[in-house]
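Everything on this sheet refers to the single structure shown next.
Nothing in this text is a laboratory measurement; each read-out follows from the coordinates by a stated rule. Predicted, not measured: the structure shown is a model, and the values here were computed from it. Here the Cβ positions follow ideal geometry from the backbone for every residue, glycine too, while neighbour counts run over all protein chains shown.
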Amino acid sequence: MPAVDCDIRDVKLAPEGRRRILWADRDMPVLAQIRERFAREKPLQGIRMSACLHVTAETANLMRTLQAGGAELVLCASNPLSTQDDVAASLVQDYGVRVYAIRGEDTDTYYRHIAAALDHAPMLTMDDGADLVSSLIFVAIGRLHDVHPRVREWAERLGRERCRQIVQGVLGSMEETTTGVTRLRAMARDGVLQFPVIAVNDAQSKHFFDNRYGTGQSTIDGIIRATDVLLAGKKIVVCGYGWCGKGVSLRARGMGATVIVTEVNPIRALEAAMDGFLVMPLAEAAKLGDLFITVTGNKHVLRGEHFAVMKDGAILANSGHFDVEIDLKALREMTVEIVRQVHPHVDEYRLRDGRRLYLIAEGRLVNLAAAHGHPPSVMDMSFATQALTSEYCVKNRGKLAARVYDVPNEIEDTVARLKLASMGIQIDTLTEEQQRYLAGWEEGT
Ligand SMILES: NC(=O)c1ccc[n+]([C@@H]2O[C@H](COP(=O)([O-])OP(=O)(O)OC[C@H]3O[C@@H](n4cnc5c(N)ncnc54)[C@H](O)[C@@H]3O)[C@@H](O)[C@H]2O)c1
């Protein structure tokens, strides 16, 4: 019998999950330090928090940190395929966190779980992709016909007044990923954002490292686990040369692949070219690639016209946030037979002309669906930033407006310094003369 209310696969998986959480914790020293301080100072005492994040061992260590600070937590999944069921079990059983997440849950269950997180009447929210906040905003502005039916049912059961109270009770919200920040900025632009949001993704202590090195390594890891392909000698097409795309391209080249980058932004395309990658339109790259990886945050990047010219045996993977980057409807329409799980995590699409394309993880985040997501060491920085930003929201309660804020510089600085210290790296400091020189204008040639 689970210790708290929850909806998880099986609480008996807790011992394995606990081992996984503690293993990750060894490589999350910054978060551990913050947890020790939070346990002493209790900056989140009495704060109800709902988090919609990938339910992984690293997230569990963030939950332990927020809980040490006094937060009352509910956690639901931010992706139906990324939940580690054993970790969910351990969070419930060993740490008393209410978790609503089951790996492979259908869309109905996914939104039923989001409704459970909203029902907690959170004072702080934490999102990865903005599904939690966007559901709440639809409710807040009365667009119940646009929200998923499970959330609509929840809102109708509660009634308008209680929903209004819940929205008004949100002190602040943190967003973990690029796609979520894009959605939140669009809400602010449309004048529907109802509470302050901090764009944790945009912190340098987050995207410089997590998006680049975390996604770079774990995306390649997920593809290798799913397919066992040798990357050396392959032509890998990376769609999007943003922070994630840079990391994926760099690591793919490191494995001996020829990397082709496709972009729509001229600066990013130029950067890719000067970093030594081939750059060309996707229409051309589609004919050459052995493996395609989308990391754009955009929709229908790989679509019918590209599938039509791909080589027999080409592999398709997505590491962007939502499963919309590969046009699955178009792929299905060109397909005569789908062989599910031809290899774990891989579906074979047999096209009318006899070619076969292989889709990994149903087009969902390959690094979380087919591997364990980012390594703990890099999530240490992202989640340290999340924990300190949560504290910041509580300290500044009532002072922030309903808009998207950057993470304060002091938090970024603290996270970077703690991480360097944990790696045994020291750096120089400016002399007084240098400080004066950098602050002045009088000295020239
Ligand atoms: N897999 C993960 O664990 C993980 C981690 C972090 C971020 N993400 C997600 O990955 C995606 C990318 O994040 P990012 O931080 O690199 O974003 P970014 O904004 O830095 O980069 C995205 C790039 O894609 C390009 N792009 C957009 N449409 C394109 C198209 N049709 N063809 C080619 N290029 C196109 C943009 O010009 C941009 O350079 C987002 O959805 C983000 O949420 C995933």
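Along region 183-196, what does the Karplus equation 6.51 cos²θ - 1.76 cosθ + 1.60 (θ = phi - 60°) give for ³J(HN,Hα), rounded to whole Hz, x for Gly and Pro?
Rounded to whole hertz, the list is 5, 5, 5, 5, 5, 5, 4, 7, x, 10, 5, 10, 8, x.
Given +1 on the Cβ of Lys and Arg, -1 on the Cβ of Asp and Glu, and no further charges, what dipole in debye does region 74-180 carry about its Cα centre, rounded to the nearest 20?
On the way: 10 positive and 16 negative charges, 108 e Å.
The calculation lands at about 520 debye.
Which shape class, rounded, prolate or oblate, goes with region 1-95 when its Cα gyration tensor gives a ≥ b ≥ c as root eigenvalues, a/c under 1.5 marks rounded, and past that a/b bigger than b/c marks prolate?
prolate
Helix-only mean residue ellipticity at 222 nm, the chain, DSSP H runs n ≥ 4 weighted -39,500 (n - 2.57), per residue, nearest 500. What is it?
Calculated from helices alone, the mean residue ellipticity at 222 nm is -13500 deg cm²/dmol.
Kindly identify region 97-191 as rounded, prolate or oblate by the Cα gyration tensor criterion: order the square roots of the eigenvalues as a ≥ b ≥ c, call it rounded if a/c is under 1.5, otherwise compare a/b with b/c, prolate if a/b is larger, else oblate. Write out the running numbers ahead of the final one.
Details: a/c = 1.33, a/b = 1.04, b/c = 1.28.
Because its axes are fairly even, with a/c under 1.5, region 97-191 counts as rounded.
Restricting the calculation to Cα positions, tell me the Rg (one decimal) and the Dmax (whole number) of the chain in Å.
Taking only Cα atoms of the chain, I get Rg and Dmax of 22.5, 76 Å.
Let me understand region 213-364 better: what is its radius of gyration from the alpha carbons, and its Dmax, in angstrom?
My reading of the Cα-based Rg and Dmax gives 14.1, 42 Å.
When the chain is modelled as a GNM with alpha-carbon springs shorter than 10 Å, which of Thr431, Thr107, Thr65 fluctuates the most?
Thr431
Of all beta bridges DSSP finds with both residues in region 213-364, what is the antiparallel percent, to the nearest 5?
35
About the Cα centre of the chain, what is the dipole size in debye to 20, counting +1 per Lys and Arg Cβ and -1 per Asp and Glu Cβ, all else neutral?
On the way: 53 positive and 58 negative charges, 129 e Å.
Roughly 620 debye for the chain.
May I ask which residue of Gln168, Met63, Asn298 lies farthest towards the positive end of the charge dipole of the chain, with charges of +1 (Lys, Arg) and -1 (Asp, Glu) on Cβ and the Cα centre as origin?
Value: Gln168.
So what's the gap between the Cα centers of region 74-143 and region 175-214, to the nearest angstrom?
Using only Cα atoms, the two centres lie 18 Å from each other.
Please list, in order along region 321-332, the HN-Hα scalar couplings obtained from phi with the Karplus expression 6.51 cos²θ - 1.76 cosθ + 1.60 (θ = phi - 60°), rounded to whole Hz, x for Gly and Pro.
4, 9, 8, 10, 6, 9, 6, 5, 5, 4, 5, 4
For region 288-445, give the share of DSSP beta bridges that are antiparallel, in percent and rounded to the nearest 5; count only bridges with both residues there.
Values: 10 of 18 bridges.
Counting only bridges with both partners in region 288-445, antiparallel ones make up about 55 percent.
Would you please put 350-361, 285-296 in order of how densely packed they are, using the mean number of other Cβ atoms within 10 angstrom per residue and starting with the highest?
Numbers: 350-361: 17.3, 285-296: 23.7.
In descending order of packing, they fall as 285-296, 350-361.
Cross-link partners among aspartates and glutamates for Lys42, C-alpha distance below 14 Å, same-chain residues fewer than 8 apart left out?
Once the sequence-local aspartates and glutamates are set aside, what remains near Lys42 is Glu72, Glu391.
Considering the chain as a Gaussian network with a 10 Å cut-off on Cα pairs, which listed residue, Ala283, Ala14, Ala117, attains the greatest mean-square fluctuation?
Result: Ala283 has the largest fluctuation of those listed.
Please give the charge dipole size of region 213-364, origin at the Cα centre, charges +1 on K and R Cβ atoms and -1 on D and E Cβ atoms. Round to the nearest 20 debye.
Working: 19 positive and 18 negative charges, 18 e Å.
That gives a dipole near 80 debye.
Summing +1 for each Lys or Arg and -1 for each Asp or Glu, what net charge is found among the other residues whose Cβ lies under 15 Å from the Cβ of Val264?
-1
Given an 8 Å cut-off on Cα distances and at least 6 residues of separation, report the relative contact order of region 213-364 as a percent. Don't jump to the answer; show the numbers that get you there.
Details: 328 pairs, mean separation 30.1, N = 152.
Rounded, it is 20 percent for region 213-364.
In a shell of Cβ-Cβ distance under 14 Å around Asp94, excluding Asp94 itself, what net charge do Lys and Arg (+1) and Asp and Glu (-1) give?
Numbers: positive: Lys12, Arg18, Arg19, Arg20, Arg64, Arg98; negative: Glu16, Asp25, Asp86.
For residues surrounding Asp94, the net value is +3.
Can you list residues from other chains, or at least 5 along the same chain, whose modelled amide H is less than 5 Å from the amide H of Lys234?
Thr258
Give me the extension gain from Glu305 to Gln434: residue separation times 0.36 nm, minus the current Cα-Cα distance, reported in nm with one decimal.
On the way: separation 129, 0.36 × 129 = 46.44 nm, distance 5.72 nm.
Residue separation times 0.36 nm, minus the Cα-Cα distance, leaves 40.7 nm.
How many Lys pairs in region 213-364 lie less than 25 angstrom apart by Cα atoms, where the lysines are 8 or more positions apart or on different chains?
Lysine pairs satisfying the spacing and distance rule in region 213-364 number 16.
I need the phi-derived Karplus couplings for region 114-130: 6.51 cos²θ - 1.76 cosθ + 1.60, θ = phi - 60°, integer Hz, Gly and Pro marked x.
My calculation for region 114-130 gives 5, 4, 5, 5, 6, 5, 6, 6, x, 8, 10, 10, 9, 10, 10, x, 6 Hz in order.
For Tyr405, what residues show an amide H to amide H distance below 5 Å, using hydrogens built from the backbone and excluding near sequence neighbours?
Close amide H contacts, sequence-distant or interchain: Val197, Ile198, Ala199.
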